Amino acid sequence: MHETRDRIKYHIIATIDHLRTFTVDEAADLISEVADEIAGDRTDDMINGAILDGIRWGYAAAVTVELGGGAMLRVVTPGGVAITHEWGNADEADTQIKAALAAIQTSRANDDQSR
């Protein structure tokens with residue numbers, strides 16, 4: 001168990017170190033290639049896609065938000081719907097992010113009432 005965990009930990013660290021040498025677009029292209037190579041059945045594709053998407057968007061967020069002063073919003077619902085927005089300036093995003101969060105809250109409240 002610990003050997004497997006340590007090996008995975010090593011590979012995660014190596015992945016992060018190497019991805020940082022790519023531009024955001026280059027990293028996204030590489031991750032898309034990986035997704036294509038490991039494509040399988042629908043359930044596996046959803047799980048693998050979510051993990052790979054997290055890596056891709058995490059890297060993009062680090063560059064866009066942390067280094068560039070922008071903002072990003074990513075919403076994934078249980079149905080697999082993804083809503084993604086990027087802004088070059090965090091202040092421009094504030095109103096739209098609040099509106100998106102309010103829409104999610106309304107949708108969840110409607111779902112709860114229909115049950």
### Hey, D53 in contact (Cβ under 8 Å) with a residue 12 or more places away in the chain, assigned to a helix (DSSP H, G or I) and charged (D, E, K, R) or not
yes
### Query
Based on what the data block shows, is A93 surrounded by 13 or more Cβ atoms within 10 Å (Cβ to Cβ) and in a helix (DSSP H, G or I)?
yes
### Task
Scan region 33-45 and give yes if some residue there is at pLDDT 85 or above and basic (K, R), otherwise no.
no
### Query
Looking at region 66-83, is at least one residue touching a Lys or Arg at 6+ places or on another chain (Cβ under 8 Å) and either of a type in the set (S, T, N, Q) or outside the structural domain of A14 (by TED's automatic domain parsing) (or both)?
yes
## Note on the structure
Flagged pairs (Cβ under 7 angstrom, 6 or more apart or on separate chains; first in region 1-28, within 22 Å of A62 (Cα to Cα); second among the aromatic types (F, W, Y)) are L19/Y59; V24/Y59; A27/Y59
### Task
Answer with yes or no whether L73 is out of contact with any Leu (no Cβ under 8 Å at 6 or more places or on another chain) and part of a helix (DSSP H, G or I).
no
### Task
Report yes if some residue within region 26-43 is touching a Gly at 6+ places or on another chain (Cβ under 7 Å) and either among the hydrophobic types (A, V, I, L, M, F, W, C) or closer than 26 Å to W87 by Cα (or both); otherwise report no.
yes
### Query
In region 89-106, how many residues are free of Cβ contacts under 8 Å to residues at least 24 places away in the same chain and among the small types (G, A, S)?
4
### Task
Just need a number here: residues in region 18-54 that are over 18 Å from the mean Cα position of the chain (by Cα) and among the acidic types (D, E).
2
### Query
Within region 27-39, is even one residue among the aliphatic types (A, V, I, L, M) and not in a helix (DSSP H, G or I)?
yes
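The values are calculated or read from the model by the stated rules, or taken from the named source; none is laboratory data. Predicted model, so just to flag it, every value in this text is computed and none were measured. As a convention, Cβ positions derive from the backbone with ideal geometry for all residues, glycine included, and neighbour counts pool all protein chains shown.
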